[in-house]
């Protein structure tokens, strides 16, 4: 009697046979790949709101600050990190909310403005970059400029100096930065391929039917003496030589 553990130990995966099984089911794989890719594209187009981005830049050193000494240059680099925190502080956000409401009649919450604003500083520069991302390109631009203006005012108040120079104001950008239709379609295609291929592989591995003489020897532990080709199962069944 063959124990189950012994049977499991002798289960082998024929990679060549598995490849041909996948190749045989290429149509199923192709349909799944295309179908999920189309679903992903449709979801991206009709269900995901496009996001628009606008950028504004401030130069940290003011007009009255001397940049002739190394100390001034080092000071500007250190202050950039401090001002990046100031740009997202509550006074700046609240001031930007009030500015946008008074100028454009748009009411926003502190959470909304905070979530759409990102502040960054490129290495070895004294440029503070304020980025606004939102589903409405105009609002993204308005809020970015308002935050930049309030940041400059807050900097001047804290440093008791002139306001930093605005290098670049945010403009309305009608080209969405996300979502990427091409990227999501490719990801959907990959998922569809893996679903179909995974199903086929799982079905292959779980199929314990004996298909070849090697399977008989592997599973039953006996040698195959002869192989009778079956061409007409119905006729053999009538003769009592084959059972469905």
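The values are calculated or read from the model by the stated rules, or taken from the named source; none is laboratory data. What you see is a predicted model, and the numbers here were worked out from it, not measured in a lab. Because the Cβ atoms are built from the backbone with ideal geometry, glycine has one as well, and the counts that use them run over all protein chains shown.
For the reader, a short list of remarks on this structure follows.
- Considering the conditions (1) over 23 Å from the mean Cα position of the chain (by Cα); (2) outside any helix (DSSP H, G or I); (3) buried (at least 18 other Cβ atoms within 10 Å of the Cβ), residue 142 is excluded by exactly one of them, (2).
- Residue 175 being modelled with pLDDT of 90 or more and in a helix (DSSP H, G or I): no
- Selection count, region 98-127, where residues are touching a strand residue (DSSP E or B) at 6+ places or on another chain (Cβ under 8 Å) and either modelled with pLDDT under 90 or part of a helix (DSSP H, G or I) (or both): 6
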